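Just so it is clear, none of the values below were taken in a lab; they were calculated from the coordinates. These figures come from a predicted structure and were not determined experimentally. In this analysis, Cβ positions are derived from the backbone assuming ideal geometry, glycine residues included, and neighbour counts consider all displayed protein chains.
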Amino acid sequence: MPFTANRQFKEAPRMFVSAKGMYYQTDDGRQILDATAGLWCVNAGHCRDEITAAVTRQIGSMDYAPSFQMGHPLAFEAARKVAALMPEGLDRIFFANSGSEAVDSALKIALAYHRARGEGQRTRFIGRERGYHGVGFGGISVGGILNNRKAFSGNLMPNVDHLPHTLNIAEAGFSDGQPAWGAHLADELERLVTLHDASTIAAVIVEPLAGSTGVLVPPVGYLERLRALCSKHGILLIFDEVITGFGRLGAATAAEYFKVTPDLITLAKGINNAAIPMGAVAVKREIHDTVVQATAVGGIELMHGYTYSAHPVAAAAAIAAIDLYQSERLFERARELSPLFGRAAHSVAGAPHVKDIRNLGLVAGIELEPRPQAPGARAFEVFRKCYEKGVMVRYTGDILAFSPPLIVQPEEIERMFSTVREVLQETP
Ligand code: PMP
């Protein structure tokens, strides 16, 4: 099983057999409140009839169409719908099947773009410590998680460097929303430019809000400074919005929320409410046009793609999911609920073992003091006890993460955090 303690799971398996709205049902008939939208992806709640109908219709009318040399209208319709939600100018879409593939695709597009404009020496990528960009070799190379890298460390991509992460509990602990401290950390890019020379750097890739390594909210002004430095040095800026895309922060993208426009955006998860695997990269039209125009007519412009790029069933699900997000105004709903969600998260502050709480939009992280000699053990125990009490939270190291579907009700928000408070009282 992926990212799972396999032997432990075998002893005490947790099995879901169905899901509806905010709840999973287990094999022993219990209802579990989904405080994490699956893996940050089921933004409209589970088994939405509109998406089920679209998927069912599509699989019955055309199950598959080759993605190389052939097209189908739903791919273009889905691309138009995704593009309409992106910041102005990022209106060219390339489809993949996961976040990891979206990241690898974005890195390749960045290289292809520089080569097409005669700057093929720009091959270096800059990621960030504690960044998570999936599990492809590209993604773990630009990612900054030691545990995901160390078994493969001899074979990571060369020419990658990392910015520091932005978490500092001493300076900005218990921040509600964006921390005031830390914008200066973006200036580390200037140091890397001095070290490597801008002419060797293709792109900087960051999650605008880092999710998987424990909800790291960008300091006020940080992303703006990163944007300014990238523009100054001709470096592309990639936002990995696999988590933040499609409403998580109360806007279609984090780029829109923070009013900082990157050059490429990677997407997945919420793109079709996780009904069928799908990922995507949105790129500025200029990047698309440069790559496309560098090749003679009739030649293949981007030597890259997947058998299932823009799979018709995934595309049908994306169209239905985006329609649903819009007809139910779910992104606005997330924004409206966010103050209540933040207050509920911070209500856990007085509970035992709590080291930090941070939140933005409908995302929160609660960092616990680790047990001596047993990192991660306390959060794992909290995760298991919450599950026993009917609430699924996520844990990563000693950090608990919360990211409910955007349809969550205020009482469900209260229940998520009161369960955690209760469990922390009972946990040594
Ligand atoms: N990028 C980010 C920011 C993610 O959060 C994730 C998944 N959690 C990925 C990439 C990888 O996505 P996938 O698991 O679909 O490959």
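By the scheme Lys and Arg +1, Asp and Glu -1, what is the net charge of all other residues having a beta-carbon under 10 Å from that of Val382? Numbers along the way, then the final one.
Values: positive: Arg378, Arg384, Lys385; negative: Glu381, Asp398, Glu426.
Residues close to Val382 contribute a combined charge of 0.
Under a 10 Å cutoff between Cα atoms, tell me which one of Leu163, Leu195, Leu400 has the largest fluctuation in the Gaussian network model of the chain.
Leu195
Pick out the long, greasy-scoring helices in the chain: whole DSSP H runs spanning 24 Å or more along their own axis by Cα, mean Kyte-Doolittle at least -1.0.
Long hydrophobic helices here: 99-116, 410-426.
How do Asp49, Asp263 line up, fewest other C-beta atoms within 10 Å first? Don't skip to the answer; put the middle values down first.
On the way: Asp49 9, Asp263 25.
Sorted ascending by nearby Cβ count, the order is Asp49, Asp263.
Rounded to two decimals, what is the ratio between the C-alpha radius of gyration of the stretch 298-410 and 2.2 N^0.38 Å?
The reported ratio for this selection is 1.48.
Aspartates and glutamates near Lys355 by alpha-carbon distance under 19 Å, same-chain residues fewer than 8 away left out - which ones?
Partners within reach: Glu171, Asp176, Glu367, Glu369, Glu381, Asp398, Glu422, Glu426.
What's the magnitude of the charge dipole for the stretch 120-269 around its Cα centre, counting Lys and Arg as +1 and Asp and Glu as -1 at the beta-carbon? Answer in Debye, nearest 20.
Values: 13 positive and 14 negative charges, 61 e Å.
The calculated dipole for the stretch 120-269 is roughly 300 debye.
Tally Lys and Arg at +1 and Asp and Glu at -1 over the other residues with C-beta under 14 Å from the C-beta of Leu111: what net charge comes out?
+1
If Rh is defined by the Kirkwood formula over all Cα pairs and Rg also comes from Cα, what ratio Rg/Rh do you get for the stretch 1-128?
In the stretch 1-128, Rg relative to Rh is 1.06.
Taking Cα centroids, how far is the stretch 278-319 from the stretch 1-66 in Å?
What the calculation gives is 28 Å, centre to centre.
What is the extension gain from Arg371 to Glu336, computed as 0.36 nm multiplied by their sequence separation minus the C-alpha to C-alpha distance, in nm to one decimal?
Extra length available between Arg371 and Glu336 comes to 8.9 nm.
At 4 °C and 1.567 mPa s, grab the translational diffusion coefficient of the stretch 193-292 from Stokes-Einstein with a Kirkwood Rh over Cα pairs, rounded to a whole number in µm² per second.
90
Give me the percent of Cα-Cα pairs in the stretch 52-327 that sit more than 33 Å apart, rounded to a whole number.
That fraction is 20 percent.
What share of Cα pairs, in percent, lie more than 20 angstrom apart in the stretch 73-139?
When every Cα pair of the stretch 73-139 is considered, 44 percent fall beyond 20 Å.
Let's test the formula: R0 of 22 Å, r as the Cβ-Cβ distance of His196 and Phe137. What FRET efficiency results, to the nearest 0.05?
Working: r = 21 Å, r/R0 = 0.94.
Efficiency for this residue pair is about 0.60.
On average over all directions, what projected area in square nanometres does the stretch 8-72 have, based on the convex hull of its Cα atoms?
Working: hull surface 28.5 nm².
Value for the stretch 8-72: 7.1 nm².
Tell me, in nm to one decimal, what length is gained between Ser418 and Ala65 on full extension, where the rule is 0.36 nm per residue of separation less the Cα-Cα distance?
Full extension from Ser418 to Ala65 adds 122.3 nm.
Equivalent ellipsoid semi-axes for the stretch 111-158, as square roots of 5 times the alpha carbon gyration tensor eigenvalues: give them largest first, rounded to whole Å.
24, 11, 8
Within the stretch 52-327, what is the number of lysine pairs with alpha carbons under 19 Å apart, leaving out pairs fewer than eight places apart on the same chain?
Step by step, the pairs that qualify in the stretch 52-327 add up to 6.
Compute the signed sum of charges (Lys and Arg +1, Asp and Glu -1) over the other residues within less than 14 Å, Cβ to Cβ, of Val160.
+1
Given the Cα-Cα distance of Arg285 and Glu11 and 0.36 nm per residue of separation, how much length would full extension add, in nm? Please report the intermediate quantities before stating the final value.
Working: separation 274, 0.36 × 274 = 98.64 nm, distance 5.17 nm.
The span from Arg285 to Glu11 would gain 93.5 nm if fully extended.
Given the stretch 346-428, report the % of alpha carbon pairs whose separation exceeds 15 Å.
In whole percent, the share of Cα-Cα pairs in the stretch 346-428 beyond 15 Å is 52.
In a GNM of the chain with a 10 Å cut-off on Cα contacts, which of Val206, Val160, Val313 has the highest mean-square fluctuation?
Greatest mean-square fluctuation among the candidates belongs to Val160.
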